[in-house]
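Beneath this line is the structure, given in structure tokens, with notes to follow.
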Amino acid sequence: MKLSYDPKYNVAYIRFHEKLGQVSTIKISNDMNIDIAPDGTVYGVELLNPKEQLTGDHGVLIVESGGRRHEIALVA
């Protein structure tokens, strides 16, 4: 898993798998897209405007997976 954040455009991306071949993007809302393969494998989740979506005073996106904690700062 890889976390990335672009402060210039305020976009976060959580990548679960490398994109191998054809990928479709499903728009979940105005603030979230999911990249998915034809077999249903989820490659990643894109959060648009995560600073506005995620509340709290910490300004950090936290993802826990496989017993590991990953943090990405949401600062400009």
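The values are calculated or read from the model by the stated rules, or taken from the named source; none is laboratory data. Because the structure is predicted, anything quoted here is derived from the model rather than measured. Note that each Cβ is placed from the backbone with ideal geometry, even for glycine, and that neighbours are counted across all protein chains shown. The area values use the complete protein model at the heavy-atom level, side chains included, leaving out ligands, DNA and RNA. Shrake-Rupley method; radii C 1.70, N 1.55, O 1.52, S 1.80 Å.
Entry comment: accessible area of the chain is 70 Å² per residue, from protein heavy atoms only and a probe of 1.4 Å. Count Lys and Arg as plus one, Asp and Glu as minus one, and take only other residues whose Cβ is under 14 Å from that of Ile34; the net charge is then 0. Which of the listed residues, Asn10, Gly66, Asn30, is farthest toward the dipole's positive end in the chain, when Lys, Arg count +1 and Asp, Glu count -1 at the beta-carbon? Positive-most Cα among the choices belongs to Gly66. For the chain, the ratio of Cα radius of gyration to the globular rule of thumb 2.2 N^0.38 Å stands at 1.13. Per-residue SASA remark: Ser24, around 60 Å² accessible (1.4 Å probe; ligands, DNA and RNA not included). For the stretch 12-52, with all protein chains in place and a probe radius of 1.4 Å, 52% of the accessible heavy-atom surface sits on carbon or sulfur. Of all lysines in the structure, the ones whose alpha carbon falls short of 20 Å from that of Lys27, not counting any fewer than 8 places away in one chain, are Lys19, Lys51. Scanning residues 5 or more positions from Val60 or on other chains, those with amide H under 5 Å from its amide H are Leu74, with H placed 1.01 Å from N in the peptide plane. Under the convention that each Lys and Arg Cβ holds +1 and each Asp and Glu Cβ holds -1, the size of the dipole of the chain around its Cα centre is about 140 debye.
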